[in-house]
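All remarks here apply to the structure that follows.
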Amino acid sequence: MIYTVTITSQGQISLPVKIRRKLGLSNIRKAFVRMERGTIIVEPVADMLSLKGSVKSTRKIQTDTIRHAFEKELAREVVTTKRA
């Protein structure tokens with residue numbers, strides 16, 4: 001399947017809905033983007049909050065605090081991996 005998309009002046013593109021659905025990206029808020037051999041690869045990043053309720057704890061933490069900590073750690077891993 002081949003689609004023509006527009007690249008904005010800010011470098012943004014919109015993925016066609018059929019591609020997002022096929023890749024399971026329709027409800028994903030974040031994705032990894034990388035280039036391999038001249039091809040752009042887009043991979044969904046699982047949201048840690050989708051695991052909500054799978055681990056029991058007596059400690060209450062705001063979901064925004066959890067998401068911020070997760071995104072910070074994810075960014076650190078990407079930077080570390082890129083340097084290696």
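The values are calculated or read from the model by the stated rules, or taken from the named source; none is laboratory data. Values in this document were obtained by computation on a predicted structure and should not be read as measured data. Every residue, glycine as well, gets a Cβ built from its backbone with ideal geometry; the counts of neighbours run over all protein chains shown.
Residues in segment 9-23 that are in a loop (DSSP other than H, G, I, E, B), free of Cβ contacts under 8 Å to residues at least 12 places away in the same chain and either outside the structural domain of Val33 (by TED's automatic domain parsing) or more than 16 Å from Glu43 (Cβ to Cβ) (or both): Ser9, Gln10, Gly11, Gln12, Ser14. In segment 52-71, the residue that is modelled with the lowest pLDDT out of those that are of a type outside the set (Val, Ile, Thr) and exposed (fewer than 10 other Cβ atoms within 10 Å of the Cβ) is Ser54.
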